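Only one structure is covered here, and it is reproduced in the block below.
Each value in this text was obtained by applying a stated rule to the coordinates, not by laboratory testing. Since the model is a prediction, treat every value here as computed from it, not as a measurement. Cβ atoms come from the backbone with ideal geometry, glycine included; neighbour counts cover every protein chain shown.
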Amino acid sequence: MEIEEISKENKSEIISCLALIRTEFDIAEKETEEELISHLPEECFFLGMLAENKEIVGTLLVTKSYEPLKLVYKYVIDYVVVDPSYRGQKIATKLIEKVIEKARTNEISYLELTSNPKREIARHIYQKLGFKAKGTDIFRREMDN
């Protein structure tokens, strides 16, 4: 399996990511994929884990954001999803490790994500990757640049 960075121009791959996200997070299909893509922020990208048949079996969304009072950039990670039939293969871990690697090369100060307290496995993965809980559902990983 390989990880691919997916920009907004790759609409068919983003649609596959959105389908996986909608299923996991029970997001109603009020808006079409085209409408959702048009609302994505300028500085964002998806990461997709591709199976041998090039099907996306894991994904997450990363948005680059500027903290004007701290004068730093951060990455906000959203919608970490792995297809149920591929779970247990460390796909989420590999996707987040790729974000960490990209953050280091792009001089990002820290990573941030939220996680529902009921998602114990996900929260364990985040903590194992160096994220620290900040409140009940916000996790942050400082970058040592």
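Looking at region 4-35 only, could you name the residues that are polar (S, T, N, Q) and either under 16 Å from D83 (Cβ atoms) or touching a Leu at 6+ places or on another chain (Cβ under 8 Å) (or both)? Give the derivation first.
So the first thing to find is which residues in region 4-35 are polar (S, T, N, Q), and the list is 7, 10, 12, 16, 23, 32.
Those that are polar (S, T, N, Q) and either under 16 Å from D83 (Cβ atoms) or touching a Leu at 6+ places or on another chain (Cβ under 8 Å) (or both): S16, T23.
Out of K118, K70, K74, K64, report the one residue that is in contact (Cβ under 8 Å) with a residue 24 or more places away in the chain and surrounded by fewer than 11 Cβ atoms within 10 Å (Cβ to Cβ). I'd like the intermediate steps shown before the answer.
On the way: K118 fails: in contact (Cβ under 8 Å) with a residue 24 or more places away in the chain; K74 fails: surrounded by fewer than 11 Cβ atoms within 10 Å (Cβ to Cβ); K64 fails: surrounded by fewer than 11 Cβ atoms within 10 Å (Cβ to Cβ).
When all the criteria are applied, what remains is K70.
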Among the residues in region 99-113, are any over 17 Å from F25 (Cβ atoms), touching a Leu at 6+ places or on another chain (Cβ under 7 Å), of a type in the set (G, A, S) and not in a strand (DSSP E or B)? yes
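Only one residue in I96, I56 is under 10 Å from the mean Cα position of the chain (by Cα) and closer than 16 Å to I6 by Cα. Which one?
Checking each option against the conditions leaves just I96.
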Within region 63-98, the residues that are out of contact with any strand residue (DSSP E or B) (no Cβ under 6 Å at 6 or more places or on another chain), closer than 19 Å to I138 by Cβ and outside any strand (DSSP E or B) are L69, K70, I96
Taking region 1-48 as the search range and keeping residues that are assigned to a helix (DSSP H, G or I), of a type in the set (D, E) and touching a residue at least 40 places away in the same chain (Cβ under 8 Å), which one is surrounded by the most Cβ atoms within 10 Å (Cβ to Cβ)? E13
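Conditions (1) within 18 Å of E4 (Cβ to Cβ); (2) under 11 Å from the mean Cα position of the chain (by Cα), marked per residue:
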residue	(1), (2)
L60	yes, yes
K74	no, no
Y79	yes, yes
N106	yes, no
R119	no, no
F131	no, no
Qualifying positions in region 114-145 - among the acidic types (D, E) and in a loop (DSSP other than H, G, I, E, B): D137, D144
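Suppose we keep only residues that are free of Cβ contacts under 8 Å to residues at least 40 places away in the same chain and more than 20 Å from E97 (Cα to Cα) within region 49-61. Which one would you say is surrounded by the most Cβ atoms within 10 Å (Cβ to Cβ)? Break it down stepwise before answering.
First, pick out the residues of region 49-61 that are free of Cβ contacts under 8 Å to residues at least 40 places away in the same chain: 53-55, 58, 60.
From what's left, more than 20 Å from E97 (Cα to Cα): 53-55.
Values: N53: 6, K54: 11, E55: 13.
Top of the filtered list is E55.
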